[in-house]
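Following: one structure in structure tokens, then a few remarks.
The values are calculated or read from the model by the stated rules, or taken from the named source; none is laboratory data. This structure is a prediction, so every number in the text was calculated from the model and none was measured. Here the Cβ positions follow ideal geometry from the backbone for every residue, glycine too, while neighbour counts run over all protein chains shown.
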2 protein chains.
Amino acid sequence: MRNPPATLTDIARLAGVSKMTVSKVLNNQPGVSRETYKQVMEIAQRLNYTPHYAARKLAGGKTNIVGMVVPSMESSFVSEVVHGAGKALEEAGLDLLLFTDHLNYPQERMFSVSRGLADGLLLVIPRSLERYDHPQLRAQLPIVVVEPLNQKGSLPVVCAENYLSSRKVVEHLLALGHHRIGMIGGNPKVKSSHLRLQGYRDALSAAGLPVNEQLIRPGDFTQMRGFAAANELLNLKEPPSAIFAANDVAAFGAYDAIKNHGLRIPEDLSVVGFDDIFQAAQVFPPLTTVHQPAFEMGTAGTRLLLSMIQGLEPAVNHLELPTELVIRASTGPYRGPQTV
Amino acid sequence: MRNPPATLTDIARLAGVSKMTVSKVLNNQPGVSRETYKQVMEIAQRLNYTPHYAARKLAGGKTNIVGMVVPSMESSFVSEVVHGAGKALEEAGLDLLLFTDHLNYPQERMFSVSRGLADGLLLVIPRSLERYDHPQLRAQLPIVVVEPLNQKGSLPVVCAENYLSSRKVVEHLLALGHHRIGMIGGNPKVKSSHLRLQGYRDALSAAGLPVNEQLIRPGDFTQMRGFAAANELLNLKEPPSAIFAANDVAAFGAYDAIKNHGLRIPEDLSVVGFDDIFQAAQVFPPLTTVHQPAFEMGTAGTRLLLSMIQGLEPAVNHLELPTELVIRASTGPYRGPQTV
DNA sequence: TTGTATGCGTTATCAT
DNA sequence: ATGATAACGCATACAA
């Protein structure tokens with residue numbers, strides 16, 4: 001066997017046909033006689049031919065590779081999405097080109113590589129969607145976004161049900177007998193924050209309960225602000241018997257505040273979070289929270305992308321996947337008014 | 001902005017120079033006057049130019065992408081190696097093309113894509129190295145192997161110290177007062193099995209103890225065989241007071257056998273494994289074992305690969321990284337002869 | 001310092 | 001059913 005890999009030309013020469021015919025054979029295209037087909041295949045095999053993907057892509061073909069942009073792989077959300085996408089890709093026989101978009105990663109590099117080497121792009125971005133919503137790129141390459149925050153944008157997005165999940169949380173607390181339920185909001189710049197808040201409001205209203213604005217405290221998804229907001233709630237004349245934080249991290253802040261007040265979870269106060277990050281199961285007491293279907297978001301996003309690569313218009317522009325309320329030890333039955 | 005992305009030709013036309021000059025400017029090559037440089041850069045920026053990587057690769061350039069072949073990402077060993085590699089790549093500004101080489105994944109596809117799209121290939125293969133040791137591919141692309149089994153082959157390999165690790169294990173048991181130490185071997189087809197066994201022998205000899213061949217039982221890395229081997233050891237007239245299994249899974253088999261005999265770990269019998277797979281910390285009692293430096297193997301392998309991509313000969317053809325003995329609850333002091 | 005010519009391996013278009 | 005030709009976008013070698 002020679003050093004330089006065999007090319008279409010090599011096969012064509014040996015088979016006594018044109019490159020074009022060889023190309024057709026190798027791509028299972030119609031318009032080739034059984035005989036030449038067989039002969040070409042044989043020679044290709046003997047020469048151990050494999051196509052050169054750069055050349056193929058350059059000439060307008062597909063590579064069967066999809067690019068995937070993620071922030072650091074450390075996050076459990078991200079790594080689950082990657083797994084999910086990996087499964088969908090595996091089934092379809094595609095491979096994965098992974099961009100870890102850390103700070104000061106040259107963004108144009110990612111665009112450039114994707115356009116040149118991949119057939120489509122999956123954006124997994126917990127935050128800052130605008131940063132990626134680039135009209136030029138969209139015109140050149142099918143793109144799908146997977147993200148947990150229900151951000152708006154012109155790209156097809158796969159996310160999780162925020163509104164309904166939030167209602168489920170409040171209904172869970174109501175079922176436990178809580179009627180004064182505090183809410184720590186999320187970053188108001190993000191759509192999911194509003195959805196989660198609206199779910200809270202509507203669940204209360206649906207239960208015939210008033211919505212007490214004093215019990216609603218603004219937040220920003222940080223633990224520090226969660227701590228402060230919980231303190232505000234605990235210092236009310238009539239503090240709540242349960243607190244729903246718009247994300248787990250803020251809930252951890254609430255944990256701190258509650259413990260600082262000498263109160264116990266869930267005996268004195270129930271707490272619920274949102275996201276089900278890894279630490280949610282590790283803290284004490286383990287946090288009741290809403291599990292984001294990261295794996296499924298990965299598979300769903302990938303399948304949507306694959307269909308777009310096939311040339312189909314995206315079936316949906318906004319896909320919301322159902323979540324699951326994970327009931328752990330931070331929520332318990334209402335035990336009467338608090339004495340602070 | 002036009003729909004089709006800007007190319008070198010576009011820039012050249014607008015700048016009134018040749019493609020070649022533009023190429024030089026964009027690649028920071030010498031031989032361009034400051035003026036034309038500035039002008040070209042300006043236009044490139046205005047046109048939002050990004051290079052087409054397929055074209056670049058086809059023309060002999062680099063893509064700054066390295067391919068990585070892994071079996072399913074489920075294994076903690078693999079995912080740690082991926083993280084380690086990711087870090088090294090991130091530092092160097094490269095990206096990762098990931099192949100999940102599941103059963104019936106067309107292997108030629110992976111070769112083909114790598115050759116065409118990547119600058120180098122990192123093989124992470126817990127088993128069956130021969131399957132990948134393909135002379136043709138090696139000639140076309142720098143390749144480095146990361147694997148835990150010390151397999152032999154013509155490719156540069158990064159693995160872990162097996163011999164010394166094994167000695168450390170036995171020394172740990174000796175320090176606890178054990179002198180009859182049973183050994184459950186690994187798959188004899190694999191070099192690491194022999195190294196681990198040799199470490200066992202030499203550690204005993206170095207301590208002035210005889211090597212009792214009865215205490216050495218063949219194994220094959222499976223839990224079932226570990227179970228059987230441990231039974232053989234326990235049924236000896238003079239059973240050992242400690243068992244060293246050549247891998248964690250076999251150690252779990254030994255756990256079963258020991259418990260079946262009504263013995264306790266570590267009170268009646270100490271057990272040590274090898275690998276530190278995820279479950280090692282989950283079983284009861286948590287298993288003392290040798291931790292494979294997966295993350296470091298990933299970074300080291302990547303760095304070696306990067307140097308080869310630079311055109312350097314591999315500094316070493318076989319890199320062994322130190323391991324760490326993780327002492328958990330499955331080993332304890334010797335408490336006198338066993339009564340079975 | 002700058003430009004020209006050529007080729008990388010494949011696919012698309014259009015002809016035969 | 002098969003083939004000739006051009007084109008994809010870039011880099012290399014060499015010439016001016």
(1) in contact (Cβ under 8 Å) with a residue 60 or more places away in the chain; (2) crowded, with 22+ Cβ neighbours inside 10 Å all hold for B:ALA229 apart from (1)
Out of A:LEU155, A:LEU176, sole residue that is in the same structural domain as A:ILE125 (by TED's automatic domain parsing), of a type outside the set (Lys, Arg) and either farther than 30 Å from A:MET308 by Cα or under 20 Å from the mean Cα position of the chain (by Cα) (or both):
A:LEU155
Taking the stated definitions as given, is B:VAL82 in a helix (DSSP H, G or I), more than 16 Å from DNA strand C (Cβ to nearest atom) and crowded, with 17+ Cβ neighbours inside 10 Å?
yes
Can you find, within the range A:16-63, the residue that is farthest from DNA strand D (Cβ to nearest atom) among those that are among the hydrophobic types (A, V, I, L, M, F, W, C) and assigned to a loop (DSSP other than H, G, I, E, B)?
A:LEU47
Filter the range B:100-119 down to residues that are within 21 Å of B:LEU58 (Cβ to Cβ) and in contact with a helix residue (DSSP H, G or I) (Cβ under 8 Å, 6 or more places away or on another chain), then give me how many there are.
8
Restricting attention to the range A:90-105, does a residue exist that is more than 7 Å from every other protein chain (Cβ to nearest Cβ), under 23 Å from the mean Cα position of the chain (by Cα), touching a residue at least 40 places away in the same chain (Cβ under 8 Å) and surrounded by fewer than 21 Cβ atoms within 10 Å (Cβ to Cβ)?
yes
State all residues of the range A:68-89 that are at the interface with chain B (Cβ under 10 Å from one of its Cβ atoms) and of a type in the set (Gly, Ala, Ser); if no residue qualifies, say none.
A:SER72, A:SER79, A:GLY86
The range B:38-52 residues that are more than 14 Å from every other protein chain (Cβ to nearest Cβ) and within 14 Å of A:GLN107 (Cβ to Cβ), paired with ones that are modelled with pLDDT of 90 or more and more than 11 Å from DNA strand D (Cβ to nearest atom) (beta carbon under 8 Å, 6 or more apart)
none
With the structure loaded, tell me whether B:LYS19 is surrounded by fewer than 21 Cβ atoms within 10 Å (Cβ to Cβ), within 11 Å of DNA strand C (Cβ to nearest atom) and modelled with pLDDT of 90 or more or whether it fails that test.
no
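Conditions (1) in contact (Cβ under 8 Å) with a residue 40 or more places away in the chain; (2) in a helix (DSSP H, G or I); (3) over 21 Å from B:LEU149 (Cα atoms), marked per residue:
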residue: B:LEU263; (1), (2), (3): yes, no, yes
residue: B:VAL283; (1), (2), (3): no, no, yes
residue: B:THR299; (1), (2), (3): yes, yes, no
residue: B:SER307; (1), (2), (3): no, yes, yes
residue: B:LEU319; (1), (2), (3): yes, no, no
Name the residue, out of B:PRO30, B:PRO4, B:PRO51, that is within 28 Å of A:LEU8 (Cβ to Cβ), exposed (fewer than 15 other Cβ atoms within 10 Å of the Cβ) and within 16 Å of DNA strand C (Cβ to nearest atom).
B:PRO4
